[in-house]
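Asker: One structure, as structure tokens, below. Some questions next.
The values are calculated or read from the model by the stated rules, or taken from the named source; none is laboratory data. Please read all numbers here as calculations on a predicted model, not as lab measurements. Using ideal geometry, Cβ is built from the backbone for each residue, glycine included, and neighbour counts are taken over all protein chains shown.
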Amino acid sequence: MLKKDVLPAAKRVFEGLSEGYRQGKFRYLDVLDAQRTLFKAQATYIEALANYHETSVEVERLIGQRVDKARVARGKREEYREKK
């Protein structure tokens, strides 16, 4: 959601206000506010990615293998069960 919706929308608003400011339609404070919103959305996205990767590493440490290998192993077990 952040990557597909929030970040592009915040970027469009910032770019639109920046262009409007250059044309004399908006105040500089409006541009700064939009920029702050964009930066906050980017920081939130980066924090979410970092949390995801930290959690993935912790899960891998706990199960003793990479998460993608665990998914493959689970898929093979499910295929085996379906064949029975």
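Asker: Of the residues that sit in the range 36-84 and are modelled with pLDDT of 95 or more and of a type in the set (Gly, Ala, Ser), which one is nearest to LYS11 (Cα to Cα)?
Answerer: By that ranking, first place goes to ALA41.
Asker: Okay, moving on. Can you run down the residue pairs with Cβ atoms below 8 Å, 6 or more apart or on separate chains, where the first is in the range 1-18 and surrounded by fewer than 14 Cβ atoms within 10 Å (Cβ to Cβ) and the partner is assigned to a helix (DSSP H, G or I)?
Answerer: Filtered contacts from the range 1-18: LYS3/TYR45.
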